[in-house]
Each structure stands twice: as C-alpha cells, then as structure tokens.
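Every number in this text was worked out from the coordinates using simple rules, so none of it is lab data. Please read all numbers here as calculations on a predicted model, not as lab measurements. Note that each Cβ is placed from the backbone with ideal geometry, even for glycine, and that neighbours are counted across all protein chains shown.
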Amino acid sequence: MIVAIEGPSAAGKTTWCRSHFPHNCLEAAPEKIAAPDLYAAPAEVGKFWVNYAVENWQRALAIEREHGIAVCDGDPFHLYYSWALWKSGALTKTLFEIESELYRSAFENKQVGFVDHVLWLDAPIDELRRRAKADTKRRRKRHETYLALMLWMKAWFQERERLLPGTLHPLTDGLLLEALSAGSTTQRYAAALMDGMVARLRQL
C-alpha cells in the first residue's frame, strides 16, 4: 500500500512522516535539488518534475515491497501543483498542460500512479505562517505563494475523492494506516480515470 501525506506548507507533514514511519517514509524533494526555476521555460520545468515524480514513484514501490506500506511526504502524482499555480493566478496554464501530457504518458506506462490513500494534514493559516517564520532549517522562500494554493489543493483532492471514494482522510491521532486497504493495480494506473479527473478540474 502507498499513502501520501498532503496539506499546506508548514503543516507538519515531514515531521509526522519522519516520526511515525522513519523506515517507510519517502521524503519530499530536498530543498537544494538542482531543479530549474519555477518561472523558467515551462517545457524544461515540466520535464524535470515529471521525471522526478517517476523516480519518486519507483522509490515508493521499492519501500512498499520491503515494508508493506510506503508513506510519501507529498503525492508523487504532483500535477496538482501546476494546476493550483494556474488556478490561483501565479502562472499561466502552460506548465499544467505540458505536465498533463507527460503524466498521462507516465500513467499509461505504469511509471506513476494514484496512491492508495491521501492523508490530509491541516492547520490554521496564522499557525502556518508562525511555523514557517520559526523554521530555521528550511528557507520556505515562497511560503505565501504556497498558502495561496491551499484552497485549490483542497479542491484537487476533493475531486480525487469523488472519483476514488474512501481514499481521502483527515490525518488525526486516531487514524491507523494498518486499517486502510490497498487499491487494485488497475485502479492505481487508471489513465482513463486521470483523464476524467483532469477534464473536470480544468473547468473549475
């Protein structure tokens, strides 16, 4: 089973993942990763991050094989990010459209898939700002931009829940991952499901 911890920046996703599943945790991209700037040529940005997502998915599969459960600090199917940037007005839709095609191909080739469950971790916006300001280990240089994406990120995962009911859960102290069940391989790589989801989200 593969699960992803999602939520706004500074919600505590990395801390939760490291503390609860130190051996099963697939951490988010390192801050100093040699990635193109977000505002560089969209084709370059999209290719880099979708390739990274493919590699991340392979790491998640390896953890799943070894431990039974892989816990991802962020959904490897990361198309929601460029979508939220577009919908929030931070970017045009160009990057989203480029990544959509690349992710579609990755789904068809079983290089990226839907995680079995998404665990949503949230906090009040004032608390998120306080945590980001107090964080001495990470720069969080675009924190306000990330906060502006919160509503769109929620909309993305709510649409995912509509198509894959029972797979989105608030991350609470009482949640037991062992009580959740894995989805089918067919569902995991359902490119047609991705098509339907992306089509609906374009209209929001």
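Structure notes:
- Extending 7 Å from Cα along the Cβ direction at T172 and again at L38 yields two label points whose distance is 3.2 nm.
- For K47, the shell of other residues with beta-carbons less than 12 Å away shows a net charge of -3, using +1 for Lys and Arg and -1 for Asp and Glu.
- Debye-sum result for the chain in log10 I(q)/I(0), which assumes one identical scatterer on each alpha carbon, at q = 0.11, 0.19 Å⁻¹: -0.49, -1.70
- With 20 Å as the limit, the listed pairs K32/K110; K13/K47; K13/K154; K87/K110; K47/K93 have K32/K110; K13/K47; K87/K110 beyond it between alpha carbons.
- Estimated FRET transfer efficiency when R0 is 22 angstrom, pair R104-E55 (beta carbons, to 0.05): 0.80
- Amide H contacts of V118 (H built 1.01 Å from N, under 5 Å, at least 5 apart or other chain): A4, L168, H169
- Spin-label pair H67-D122: with each label point 7 Å from Cα along the Cα-Cβ axis, the two points sit 2.7 nm from one another.
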